[in-house]
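J.: I have a structure here, written as structure tokens, and I will follow up with some questions on it.
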Amino acid sequence: MKLREHRSFVHFWLASTTSNFGTYITTLALQVLVVSNMGGSAVDVGWVSASRWLPYVLLGLIAGVWVDRFHRKTVLVVTDMGRGIILTF
């Protein structure tokens, strides 16, 4: 069984790879922004990195229960588009 022959898997893999690449670029860009433009220290970079996980800790269980009621593919697309829109501002 060759996964490359399944069109749905290829689309999912490309979307997931693109999303992960964007996440890593954003993480690096935020750290560089804190240090270079805002004159932050290593502690400030640590606070920014730690704050990325705060929504998971605070809202993870509640959002998980709520999101399980919707189609997963729709949730994936809508959340990625929302994150992209937020990052453009």
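The values are calculated or read from the model by the stated rules, or taken from the named source; none is laboratory data. Because the structure is predicted, anything quoted here is derived from the model rather than measured. Glycine also receives a Cβ, built like all others from the backbone with ideal geometry; neighbour counts cover every protein chain displayed. Calculation scope for accessible area: heavy atoms of the full protein, side chains included, ligands and nucleic acids excluded. Shrake-Rupley method; radii C 1.70, N 1.55, O 1.52, S 1.80 Å.
J.: Just going by the charge dipole of the range 3-88, with Lys and Arg at +1 and Asp and Glu at -1 on Cβ, which of Ser16, His71, Val48 is farthest out on the positive end?
T.: Result: His71, furthest along the dipole toward the positive end.
J.: Taking all protein chains in place and a 1.4 Å probe, what share, in percent, of the accessible surface of the chain do carbon and sulfur account for? Show your work: numbers first, answer last.
T.: Working: 5710 of 8020 Å².
Carbon with sulfur: 71 percent of the solvent-accessible area.
J.: Would you mind getting the accessible area per residue of the range 3-88, heavy atoms of the protein chains only, 1.4 Å probe, in Å²?
T.: Ligands and nucleic acids excluded, the result is 87 Å² per residue.
J.: Provide, for q = 0.10, 0.27 Å⁻¹, the log10 of I(q)/I(0) from a solvent-free Debye sum over equal Cα point scatterers in the range 1-86.
T.: Ignoring solvent entirely, the Cα scatterers give -0.39, -1.29.
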